[in-house]
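Trainee: A single structure is presented below for examination.
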Amino acid sequence: MLRVSNRGFPGGSYSPNACIQESFRRAGIDADSPVVVYTGKGAFSGAGDGLGQTMMAYTLAKYGHNTVYILDGGIDAWKSEGGRELSQDYPAVEPSSFIAEVRDDYPIGYEEFVRIKDNDNVVVLDARPAKVYEGKGGPWRKAGHIPPGTVNLPWKSLMHEANPARLKSNDELDTILEEHGVDRSKAVICSCGTGREATNEFVLLKWLYLYPNVRIYEGSFTEWVTYPNNPVVEGGPKPPRGGER
């Protein structure tokens, strides 16, 4: 629903605005009515990494919704707390008149990314697992990460091990961000493989930590390696550039 192939580019391009708009209208979403987003592991498959809720929250906000909440821990946390009500009924939904209005200051396109990524006042994050960042796996035609100074901040390192939809404590998050040189005085660009994992860090930095300049490179590493001449680097994390968070 959210993303489609675009002239052969896989998965990183959002559907046309009219399609997004119609989907939100059919779900009865109004731009100013609060929306709570949650997800959880499948009851039968056991699958579910928690990224669905940050991806949907980012998409709602990007296309013009004004009041989006994420249920920290998802439905699994809701169930674990005991005494919480659950229902198997489908609610009655009246289509809305939602108007998709893209907030262009959230995403950063390829050309602008290339132009500013190496600036001293920019921090580029790679939310993929460390082994993929280092070039030891992954489905891409090239292995490694975007040079020269992309900082590896695996999104799962920010979440509870037992529940990848639940953030770690504020103190733990403070320490992790400081160790990785994620500086609120700089522009922070969140990236990953296809833009999905990066929504976790975009949401965290922009709306929980209120960093003033956070962007998301939606095309991420998938788009980067579609250009044959673009270099990649293999190996461990680079030391963060100086500055205070």
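The values are calculated or read from the model by the stated rules, or taken from the named source; none is laboratory data. Keep in mind that what you see is a predicted model, and the values were worked out from it rather than measured. Cβ coordinates were reconstructed from backbone atoms using ideal geometry, including for glycine residues, and neighbour counts include every protein chain displayed.
Trainee: Looking at residue 103 and the list (1) under 29 Å from residue 168 (Cα atoms); (2) of a type in the set (Lys, Arg); (3) at pLDDT below 95; (4) exposed (fewer than 12 other Cβ atoms within 10 Å of the Cβ), which single condition is not satisfied?
Mentor: Evaluating residue 103 over (1) under 29 Å from residue 168 (Cα atoms); (2) of a type in the set (Lys, Arg); (3) at pLDDT below 95; (4) exposed (fewer than 12 other Cβ atoms within 10 Å of the Cβ) leaves (3) as the failure.
Trainee: Given the structure, is residue 72 modelled with pLDDT under 95, closer than 23 Å to residue 214 by Cβ and assigned to a loop (DSSP other than H, G, I, E, B)? Break it down into steps so the answer makes sense when it comes.
Mentor: Details: modelled with pLDDT under 95: no; closer than 23 Å to residue 214 by Cβ: yes; assigned to a loop (DSSP other than H, G, I, E, B): yes.
Spelling it out, it is not the case that residue 72 is modelled with pLDDT under 95, closer than 23 Å to residue 214 by Cβ and assigned to a loop (DSSP other than H, G, I, E, B).
Trainee: Considering the stretch 173-200 alone, what residues qualify as being in a helix (DSSP H, G or I) and within 19 Å of residue 130 (Cα to Cα)? Talk me through it step by step, then tell me what you get.
Mentor: Let us first name the residues in the stretch 173-200 that are in a helix (DSSP H, G or I), namely 173-179, 197-200.
Matches in the stretch 173-200: 173, 175, 176, 177, 178, 179, 197, 198, 199, 200.
Trainee: If only one of 151, 203 is modelled with pLDDT of 95 or more, buried (at least 17 other Cβ atoms within 10 Å of the Cβ), over 15 Å from residue 132 (Cβ atoms) and not assigned by TED's automatic domain parsing to the domain that holds residue 49, which one is it? Step through it out loud before you land on a result.
Mentor: Values: 151 fails: over 15 Å from residue 132 (Cβ atoms).
Result of the check over 151, 203: 203.
Trainee: Which condition from (1) surrounded by 10 or more Cβ atoms within 10 Å (Cβ to Cβ); (2) under 17 Å from residue 217 (Cβ atoms) is the one that residue 111 breaks?
Mentor: (1) is the only condition that residue 111 fails.
Trainee: Restricting the stretch 166-200 to residues that are of a type in the set (Ser, Thr, Tyr) and more than 15 Å from residue 124 (Cβ to Cβ), which is surrounded by the fewest Cβ atoms within 10 Å (Cβ to Cβ)? Steps first, answer last, please.
Mentor: Residues of the stretch 166-200 of a type in the set (Ser, Thr, Tyr): 169, 175, 185, 191, 194, 199.
So of that shortlist, the ones also more than 15 Å from residue 124 (Cβ to Cβ) come out as 169, 175, 185, 194, 199.
Working: 169: 9, 175: 12, 185: 12, 194: 20, 199: 25.
Top of the filtered list is 169.
Trainee: Do the conditions hold for residue 132, that is, is it in a strand (DSSP E or B), surrounded by 15 or more Cβ atoms within 10 Å (Cβ to Cβ), assigned by TED's automatic domain parsing to the domain that holds residue 212 and under 21 Å from the mean Cα position of the chain (by Cα)?
Mentor: Values: in a strand (DSSP E or B): no; surrounded by 15 or more Cβ atoms within 10 Å (Cβ to Cβ): yes; assigned by TED's automatic domain parsing to the domain that holds residue 212: yes; under 21 Å from the mean Cα position of the chain (by Cα): yes.
So residue 132 fails the test.
Trainee: Also, I was wondering about something else. Of these, 143, 100, 162, which one is outside the structural domain of residue 22 (by TED's automatic domain parsing), out of contact with any helix residue (DSSP H, G or I) (no Cβ under 6 Å at 6 or more places or on another chain), under 28 Å from residue 38 (Cα atoms) and assigned to a loop (DSSP other than H, G, I, E, B)? Don't jump to the end; show me each part of the working.
Mentor: Details: 143 fails: under 28 Å from residue 38 (Cα atoms); 100 fails: out of contact with any helix residue (DSSP H, G or I) (no Cβ under 6 Å at 6 or more places or on another chain).
Just one listed residue meets the conditions, 162.
Trainee: Further question on the same structure: Go through the residues of the stretch 35-50 one by one and say whether even a single one is among the basic types (Lys, Arg), under 21 Å from the mean Cα position of the chain (by Cα) and farther than 17 Å from residue 218 by Cβ.
Mentor: Here is the first cut: in the stretch 35-50, the residues among the basic types (Lys, Arg) are 41.
Remaining after also requiring under 21 Å from the mean Cα position of the chain (by Cα): 41.
Narrowing further to those that are farther than 17 Å from residue 218 by Cβ: 41.
Yes - at least one qualifying residue is present in the stretch 35-50.
Trainee: Being in contact with a Leu (Cβ under 7 Å, 6 or more places away or on another chain), closer than 18 Å to residue 212 by Cβ and not polar (S, T, N, Q), is that true of even one residue in the stretch 140-152?
Mentor: Restricting attention to the stretch 140-152, the residues satisfying the condition of being in contact with a Leu (Cβ under 7 Å, 6 or more places away or on another chain) are 151.
Filter once more, keeping what is closer than 18 Å to residue 212 by Cβ: none.
Scanning the stretch 140-152, I find no residue that is in contact with a Leu (Cβ under 7 Å, 6 or more places away or on another chain), closer than 18 Å to residue 212 by Cβ and not polar (S, T, N, Q), so the answer is no.
Trainee: Answer yes or no: is there a residue in the stretch 83-97 that is assigned to a strand (DSSP E or B) and in contact (Cβ under 8 Å) with a residue 12 or more places away in the chain.
Mentor: Going through the stretch 83-97, the residues assigned to a strand (DSSP E or B) turn out to be none.
No, the stretch 83-97 contains no residue that is assigned to a strand (DSSP E or B) and in contact (Cβ under 8 Å) with a residue 12 or more places away in the chain.
Trainee: So, one more: Could you pull out the residue among 18, 43, 27 that is more than 27 Å from residue 73 (Cα to Cα) and modelled with pLDDT of 70 or more? So that I can check it myself, show each step before the final result.
Mentor: Details: 43 fails: more than 27 Å from residue 73 (Cα to Cα); 27 fails: more than 27 Å from residue 73 (Cα to Cα).
The unique qualifying residue is 18.
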